[in-house]
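Notes to accompany the following structure.
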Amino acid sequence: MAAHQEKKLAEERKHQNMQNDTKTSQGQWGRAWEVDWFSLASILFLLMFAPLIVYYFIMSCAQYQCSLTDPLLDLLKGDKHLSDIWNRTPRLTYRAAGIYSLWVTFQVVLYLSIPDFCHKFLPGYVGGVQEGAVTPAGVVNKYEINGLQAWIITHVLWFANASCFHFFSPTIIFDNWIPLLWCANILGYTVSTFAMIKGYFFPTNAKDCKFTGNFFYDYMMGIEFNPRIGKWFDFKLFFNGRPGIVAWTLINLSFAAKQQELYGEVTNSMILVNVLQGIYVLDFFWNEAWYLKTIDICHDHFGWYLGWGDCVWLPYLYTLQGLYLVYYPVQLGTAHAVGVLMLGLLGYYIFRMTNHQKDLFRRTNGNCRIWGKKPEYIECSYMSVDGTKYYSKLMTSGFWGWARHFNYTGDLMGSLAYCLACGFEHILPYFYIIYMTILLTHRCIRDEHRCSSKYGKDWKHYTAAVPYRLLPGIF
């Protein structure tokens, strides 16, 4: 009798432990429930200083020929006051507000009103209605993938205007760059605040909401997993891809046009930046359906981090190389230019082929060949909030056998190439590689923390099989 009772108590403890493990997994899968002091300090720092960092970089180019040290030296020596710098900064204008409002409205129309037609005549392109990954609540959202189409239509109209209609100058973006910054900030804060209010009062899916009880953390990292208005307007997909990334190549083209206007030529460094970053942008939209399986969509909630970041941080700091080259034109030697091009193309090849291997493996459920062989993998299981058990396969061969995030390695090589195209006179254009190194390293750690909570002991088997994160043999 005592043995039977002891066995029953052991089973109850086991059941309780399983429930606790599941709760922990659910709490960490997507975002943590509790906020530690370091995370809160980091979030407060970003909320206070990220907008100032963006302003400082743009101001340093407009007033100090892209020197990051001269503004500080002027202030420390008393040669300038903050009011002097601020008074020389262009204000928000009706023209900039009109341009920005028309731009965002146009992208909303392209996103919602024109179903994708590119997949009907472009071999290999996946567009139209596609399914996303399973959310922590067990939901599978559908998306209208039409980013490539939006990019093509936008750029056809841009070049048609530049060559035929002349409704506006190709330098329009550069000429209104700082006034447009204020518009982007207004949209970023408006969207982030609306997303938080929506999460509290009318969420798209209440089971995919997470509240830590800390206002700043919830505002920064978001409450809703996939906030939507109506059936198709998905905040994550729209703001991650449009309007910021569609604008990326237009911004660079406007910078090139300004360089032509000021100096009578477009330097080979500006051409390299336009080409290499243009390849990256086109790759993003060509593989937009694949993007539905990335960390932004699969794990991050939508808050200030994504809302303001996509509206301000991305278009203003990811394009620093082109902006720098307007103020400080660089003509590269042949060997330097070829080296930058080769590094950029090699980085893109690694980035794309690594992601292609993963996508092929997922689409075929492992029934494919990677580097001429059947791929090796570790099978993992996880639970959603509704108690449904799912299974995943984590590949351990091909590029994914070299490192757990080898696609990030290729991304960093491409990022370095953009910076090297600007020469070595100033550190400002190298902010991008510094930032991307920090961002992607942090993403590695953040993603692996979530995967560890999601997959449990299966994740330990995977990390034992693929011990390195980014650099084989090093890290």
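A few comments on the model shown:
- The label point for ARG446 and the one for PHE475, both projected 7 Å from the Cα toward the Cβ, are 1.7 nm apart.
- Counting only protein heavy atoms and a 1.4 Å probe, region 135-248 has 38 square angstrom of accessible area per residue.
- Too-long pairs where the Cα-Cα distance tops 19 Å, listed order kept, from LYS210/LYS293; LYS393/LYS457; LYS393/LYS454; LYS207/LYS236; LYS198/LYS454: LYS210/LYS293; LYS198/LYS454
- Using alpha-carbon coordinates, inclination of helix 268-286 to the longest axis of the chain, degrees: 30
- Seen against the Cα atoms of the chain and their longest principal axis, helix 406-420 is set at about 10 degrees.
- Classification of region 424-475 by its C-alpha gyration tensor yields an oblate form. The axis ratio a/c (a ≥ b ≥ c) is 1.5 or more, and b/c is at least a/b.
- The residues packed around ARG443, meaning those with a beta-carbon under 12 Å from its beta-carbon, carry a net charge of -1 if Lys and Arg are +1 and Asp and Glu are -1.
- Solvent-accessible area, 1.4 Å probe, carbon plus sulfur percent, for the chain: 65
- Counted charge near TYR382, where neighbours are those whose Cβ lies closer than 10 Å (Asp, Glu -1; Lys, Arg +1): +1
- Summing charges over neighbours of TYR111, with a neighbour being any other residue whose Cβ is under 11 Å away from its Cβ, gives -2 when K and R count +1 and D and E count -1.
- Alpha-carbon Debye profile of the chain, log10 I(q)/I(0) at 0.08 Å⁻¹: -0.53
- In degrees, nearest ten, helix 177-201 long axis to first principal axis of the chain (Cα): 20
- Computed E for TYR390/PHE215 - FRET, C-beta separation, R0 30 angstrom, nearest 0.05: 0.35
- For the pair region 405-453 and region 306-358, the centres of their Cα atoms are 11 angstrom apart.
- Inter-probe distance in nm under a simple model that places probes 7 Å from Cα toward Cβ, at HIS155 and VAL338: 2.7
- The phi-based Karplus calculation (6.51 cos²θ - 1.76 cosθ + 1.60; θ = phi - 60°) puts the 3J(HN,Hα) values of region 55-71 at 4, 4, 5, 5, 5, 4, 6, 5, 10, 9, 6, 6, 7, 7, 8, 4, x Hz, whole numbers, x for Gly and Pro.
- Shape call, region 332-474: gyration tensor on alpha carbons, a/c limit 1.5: prolate
- Once backbone amide H atoms are built at 1.01 Å from N, ILE145 has GLY128, VAL129, GLN130 as its partners under 5 Å, excluding neighbours fewer than 5 places away on the same chain.
- Student exercise, the chain dipole from Lys, Arg, Asp, Glu Cβ charges, in Debye to nearest 20: 1240
- Rounded, prolate or oblate (a/c below 1.5 giving rounded, otherwise prolate when a/b exceeds b/c) for region 320-383 by Cα gyration tensor: prolate
- Under the simplified labelling scheme, the VAL129-ILE295 pair shows an inter-label distance of 3.2 nm, with each label point 7 Å from Cα along Cα→Cβ.
- Counting only protein heavy atoms and a 1.4 Å probe, region 332-474 has 49 square angstrom of accessible area per residue.
- If the chain linking SER42 and THR190 were pulled fully straight, counting 0.36 nm for each residue of separation and taking away their Cα-Cα distance, it would gain 51.1 nm.
The values are calculated or read from the model by the stated rules, or taken from the named source; none is laboratory data. Note that the coordinates shown come from a computational prediction; the quantities given were computed from them, not determined experimentally. Because the Cβ atoms are built from the backbone with ideal geometry, glycine has one as well, and the counts that use them run over all protein chains shown. Accessible surface is based on the protein model in full, side chains and every heavy atom, while ligands, DNA and RNA are left aside. Shrake-Rupley method; radii C 1.70, N 1.55, O 1.52, S 1.80 Å.
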